[in-house]
1. Under the Karplus relation 6.51 cos²θ - 1.76 cosθ + 1.60, θ = phi - 60°, what is the ordered set of whole-Hz ³J(HN,Hα) values for segment 6-19, x standing for Gly and Pro?
2. Pulled fully out, how much extra length does the chain show between V57 and L7, if you take 0.36 nm times their separation in residues and subtract their Cα-Cα distance?
3. What spacing in nm lies between the two simple spin-label points modelled at A69 and E43, each 7 Å away from Cα in the Cβ direction?
4. How much length would be gained if the chain were fully extended between Q23 and E50, taking 0.36 nm per residue of separation minus their Cα-Cα distance, in nm to one decimal?
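Derivation of every value follows stated rules applied to the coordinates shown; laboratory data play no part. It should be emphasised that the depicted structure is a prediction, and the values quoted were computed from it without experimental measurement. With ideal geometry, Cβ positions are generated from the backbone for all residues, glycine too; neighbour counts draw on all protein chains shown.
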Amino acid sequence: MASNEELFKKIISHAKEYGFVFQSSELYDGLSAVYDYGPFGVELKNNIREYWWKAMVQYHENIVGIDSAIFMHPTVWKASGHVDAFSDPMLDNKDSTMSCVSIRMIAGSFSFRVTLIA
């Protein structure tokens, strides 16, 4: 069985070959772990976003959608609970020097991890 790194390389190679993603600034040696969306990648990303928006916002009568800036007055962050109660648990693997942010998505009863390579 292929290692996770080999599998990831195969997925990226396939995605690049079929125009889903390209390494950012690839003509100038690229940026590590930064990708731009190609024509199919943009379509896929937009379809996923649209599906998510419908499932999380439009199919619920008691939820309204907004699109706002991340940069906000500190009082907004305090009032929303992000200052006092919000946390993204970090998982550190001392052997591989990897740090991961563990994210649990309750709305689909599935979970995934975003891996940040240190």
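1. 5, 4, 4, 4, 5, 5, 5, 4, 5, 5, 5, 4, 9, x
2. Roughly 14.6 nm would be gained on extension.
3. Taking the simple label geometry, A69 and E43 are separated by 3.5 nm.
4. Contour length minus Cα-Cα distance gives 7.2 nm.
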